[in-house]
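Structure, as structure tokens:
The values are calculated or read from the model by the stated rules, or taken from the named source; none is laboratory data. Values in this document were obtained by computation on a predicted structure and should not be read as measured data. Please note: Cβ atoms are built from the backbone with ideal geometry, for glycine as well, and neighbour counts cover all protein chains shown.
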Amino acid sequence: MSTPFYVAPEQVMKDRADYARKGIARGRSLVATTYDDGIVIVAENPSNTLHKVSEIYDRLGFAGVGRYNEFDQLRIAGIRHADLKGFSYSRHDVDGLSLANQYAQMLGQTFTNEMKPMEVEILVAEIGEEPENDQLFHILYDGTVFDRTGFAVLGGDSDAISARVEEGFEERLALGSAISAARTALAGEERELVADDLEVAALGRTHGRRSFRRIVGDDLTDLLS
């Protein structure tokens with residue numbers, strides 16, 4: 001009888017984490033930041049049909065980086081979870097923290113039990129009635145959750161982009177200034193991103209019950225100028 005091949009659990013986890021990080025690094029990054037009326041998410045995404053940023057519920061937004069088909073599955077699961085909870089209880093019972101915990105459990109289970117982890121990082125954004133109640137939950141491929149304050153950066157080059165965002169970060173900027181600052185951080189010093197290179201959406205306190213709206217076309221061009 002042959003001896004089964006043995007790999008230390010620590011090495012298995014390390015290999016899975018390296019695999020996930022390499023997959024995420026091949027994609028483009030995104031920045032979510034607060035502004036004077038809510039939260040704006042700016043993603044480098046030239047596609048007009050494959051969205052990285054989406055609405056989940058009344059005051060909840062979703063964003064993902066990495067493998068598109070995987071974070072889109074998570075987006076759909078989040079919408080179903082929010083709809084079911086809102087229908088069963090109350091729309092006010094649907095909140096970002098519970099959704100972020102749900103995503104963390106799903107990603108953690110996949111990372112621990114499946115052969116291949118999900119090559120994604122996701123963001124759950126929630127706006128509150130007051131600016132101090134805005135929340136950004138950053139969930140990693142292994143289910144780790146971070147509660148970010150002010151801004152969050154997702155993607156392979158997140159360290160460098162975070163440093164650029166933090167260098168010029170100001171609370172309660174106007175929407176156009178916040179988008180421009182995020183664009184500058186994503187581009188760095190060697191590139192220039194135009195409106196067609198970006199996907200932008202905002203969760204705004206003055207948008208009505210459904211706070212999510214996309215900013216496209218001439219509206220985006222005007223804000224960037």
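Within the set 31, 12, the sole residue that is among the β-branched types (Val, Ile, Thr) and either in contact with a helix residue (DSSP H, G or I) (Cβ under 8 Å, 6 or more places away or on another chain) or not in a helix (DSSP H, G or I) (or both) turns out to be 31. Could you go through region 119-136 and let me know if any residue there is under 24 Å from residue 22 (Cα atoms), in a loop (DSSP other than H, G, I, E, B) and touching a residue at least 24 places away in the same chain (Cβ under 8 Å). The answer is yes; a qualifying residue exists.
Condition (residue is touching a strand residue (DSSP E or B) at 6+ places or on another chain (Cβ under 9 Å) and touching a residue at least 40 places away in the same chain (Cβ under 8 Å)) applied to region 86-94: is it met by at least one residue? Within region 86-94, none of the residues are touching a strand residue (DSSP E or B) at 6+ places or on another chain (Cβ under 9 Å) and touching a residue at least 40 places away in the same chain (Cβ under 8 Å). Return yes or no: is residue 196 touching a residue at least 60 places away in the same chain (Cβ under 8 Å) and in contact with a Ser or Thr (Cβ under 6 Å, 6 or more places away or on another chain)? In short, no. Restricting 163, 182 to those that are within 30 Å of residue 15 (Cβ to Cβ) and either surrounded by fewer than 20 Cβ atoms within 10 Å (Cβ to Cβ) or hydrophobic (A, V, I, L, M, F, W, C) (or both) reduces the list to 163. When restricted to residues that are under 20 Å from the mean Cα position of the chain (by Cα) and either part of a loop (DSSP other than H, G, I, E, B) or β-branched (Val, Ile, Thr) (or both), region 210-223 contains 4.
Scanning region 174-209 for residues that are outside any helix (DSSP H, G or I), within 17 Å of residue 63 (Cα to Cα) and charged (D, E, K, R) yields a single hit, 199. Among the residues of region 161-186, how many are in contact (Cβ under 8 Å) with a residue 24 or more places away in the chain and on the phi < 0 side of the Ramachandran plot? Selection size over region 161-186: 18.
Scanning region 138-170 for residues that are aromatic (Phe, Trp, Tyr) and closer than 21 Å to residue 183 by Cα gives 151, 169. Can you tell me which residue is surrounded by the most Cβ atoms within 10 Å (Cβ to Cβ) among those in region 141-154 that are part of a loop (DSSP other than H, G, I, E, B) and in contact with a helix residue (DSSP H, G or I) (Cβ under 7 Å, 6 or more places away or on another chain)? It comes out as 141. Evaluate the following for residue 108: is it over 19 Å from residue 21 (Cβ atoms), touching a residue at least 12 places away in the same chain (Cβ under 8 Å) and part of a helix (DSSP H, G or I)? Against the criterion (over 19 Å from residue 21 (Cβ atoms), touching a residue at least 12 places away in the same chain (Cβ under 8 Å) and part of a helix (DSSP H, G or I)), residue 108 does not qualify.
Look at region 6-22: where a residue is more than 13 Å from residue 114 (Cβ to Cβ) and a partner is in a helix (DSSP H, G or I) and of a type in the set (A, V, I, L, M, F, W, C), sitting 6+ places away or on another chain with Cβ atoms under 9 Å, you get 17/111. Counting only residues that are in a helix (DSSP H, G or I) and in contact (Cβ under 8 Å) with a residue 12 or more places away in the chain, region 67-83 holds 11 of them. Of the residues making up region 35-68, those that are modelled with pLDDT under 95, of a type in the set (S, T, N, Q) and out of contact with any His (no Cβ under 9 Å at 6 or more places or on another chain) are 47, 48, 49.
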